[in-house]
Amino acid sequence: MNAIKNKVQLIGNLGNAPEVKTLDNGKKLAKMSIATNETYRNNKGERVTETRWHNVIAWGKTADIADKYLSKGWEVAIEGKLVNRSYMDKAGNKRIVTEVLVNELLILSPKKI
């Protein structure tokens, strides 16, 4: 049961092409945002779709795959875990960011022709 304590699975669409950086130590980092949609009926019986955005990061070979193959709007499935980090913004305020650290990535959109 320890393996499922911090597990996230999402299927959604990329908001933009992944932003990929190569760090000084040679490791690649890919940052992207994924939109997921949830549809339900409100009190009036109207169909409502809510979009939620998720910050996603990938390292190493997974970042390479994201860099080579992913584009804005593509549908992907990811599995990973939630991670938190904090930083100081320009005004000196502490900010906390929650991201999904990708372990597995599956491209669901059709191949480019």
Set 5/90; 28/81; 31/94; 31/72, cut-off 23 Å on Cα-Cα distance; pairs above it are 5/90
Between the modelled labels at residue 82 and residue 17 (7 Å from Cα along Cα→Cβ) the distance in nm is 3.2
Listed by chain and number, the aspartates and glutamates with an alpha carbon less than 15 angstrom from that of residue 27, same-chain partners under 8 positions apart left out, are 19, 64, 67
So for the range 8-63, using the alpha carbon gyration tensor with a ≥ b ≥ c as root eigenvalues (a/c under 1.5 gives rounded; past that, a/b versus b/c decides prolate or oblate), I'd call it prolate
To the nearest 0.05, the calculated FRET efficiency linking residue 69 and residue 43 through their beta-carbon distance, R0 being 30 Å, is 0.10
Among 51, 62, 36, the residue with the largest mean-square fluctuation in a Gaussian network model of the chain built from Cα contacts under 10 Å is 51
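Could you give me D for the range 2-107, from Stokes-Einstein at 25 °C and 0.890 mPa s, where the hydrodynamic radius is the Kirkwood radius over C-alpha pairs? Units µm² s⁻¹, please.
On the way: Rh = 15.3 Å.
Taking Rh from Cα pairs, D becomes 161 µm²/s.
Here, each number is a calculation from the coordinates, and none is a lab measurement. It should be emphasised that the depicted structure is a prediction, and the values quoted were computed from it without experimental measurement. Every residue, glycine as well, gets a Cβ built from its backbone with ideal geometry; the counts of neighbours run over all protein chains shown.
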